[in-house]
1. Could you compute the net charge surrounding Thr29? Neighbours are other residues with a C-beta less than 15 Å from the C-beta of Thr29; K and R count +1, D and E count -1.
2. Using Cα pairs closer than 8 Å and at least 6 residues apart in sequence, work out the relative contact order for the stretch 11-88, in percent.
3. In the chain, what percentage of the DSSP-assigned beta bridges are antiparallel, given to the nearest 5?
4. Nothing charged except the Cβ atoms of Lys and Arg (+1) and of Asp and Glu (-1): what's the magnitude of the dipole of the stretch 33-89 about its Cα centre? Round to the nearest 20 debye.
5. So how much slack lies between Arg2 and Glu33, counting 0.36 nm per residue of separation and subtracting their Cα-Cα distance, in nm?
6. Using only the alpha-carbon atoms, what does the chain span along each of its principal axes? Please give whole angstrom values in decreasing order.
7. Quick one: net charge of Pro82's neighbours, Cβ under 14 Å, K/R +1, D/E -1?
8. With θ set to phi - 60° and the Karplus curve 6.51 cos²θ - 1.76 cosθ + 1.60, what are the ³J(HN,Hα) couplings of the stretch 34-46 in order, to the nearest whole Hz, using x for Gly and Pro?
Amino acid sequence: MRPPNTDNDATATVIARVLPQHRRRGLGTQLYERALGQARALDPQAIETVVLASNPDGLRFAEQHGFVEIERYLLRKGDTVPWIDLRLS
Ligand SMILES: CC(C)(COP(=O)(O)OP(=O)(O)OC[C@H]1O[C@@H](n2cnc3c(N)ncnc32)[C@H](O)[C@@H]1OP(=O)(O)O)[C@@H](O)C(=O)NCCC(=O)NCCS
């Protein structure tokens, strides 16, 4: 969980990551819910996550947990796969 930066960005960012061999047992959801609780305690204006467009599992996980796409962008010149920012709605 990256906390909101009160200077110029009041958005908390939450990203769950589980080693491939331990996925699909509910660990990602447990991690995500803990991080979400930590983020909410900081009272951010928004809670966001970020997923690479080539990661359908991550994208589905975020959407199933209530995140909605807000932006797609290439980070560097020459990149071909966009990052997707999603916001908890
Ligand atoms: C996204 C990620 C964190 C999910 O982790 P996970 O531990 O597999 O998450 P969960 O087990 O809670 O849920 C994943 C799926 O497993 C299913 N599942 C959970 N427990 C299960 C069980 N006991 N038996 C069978 N399936 C189960 C869930 O219903 C969900 O299914 P669906 O996506 O097909 O609907 C993991 O894929 C990951 O680390 N990806 C790379 C990083 C990333 O993309 N993060 C997302 C940004 S938030």
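1. Numbers: positive: Arg17, Arg23, Arg24, Arg25, Arg34, Arg60; negative: Glu33, Asp57, Glu63.
Local charge sum for Thr29: +3.
2. Details: 101 pairs, mean separation 23.6, N = 78.
Computed over the stretch 11-88, the figure is 30 percent.
3. Numbers: 13 of 16 bridges.
If I count the DSSP bridges inside the chain, around 80 percent turn out antiparallel.
4. Taking the Cα centre of the stretch 33-89 as origin, the dipole is about 120 debye.
5. Values: separation 31, 0.36 × 31 = 11.16 nm, distance 1.43 nm.
Length gained between Arg2 and Glu33: 9.7 nm.
6. Principal extents (largest minus smallest coordinate, Cα): 36, 33, 20 Å.
7. Surrounding charge for Pro82 is -1.
8. Each residue of the stretch 34-46 in turn: 5, 5, 5, x, 5, 5, 4, 5, 8, 6, x, 5, 8 Hz.
Quick note: the coordinates plus some simple rules give every number you see, no bench work behind them. Quantities reported herein were computed from a predicted structural model and do not represent experimental measurements. Quick reminder, even Gly has a Cβ in these numbers, built from the backbone with ideal geometry, and neighbours come from all protein chains shown.
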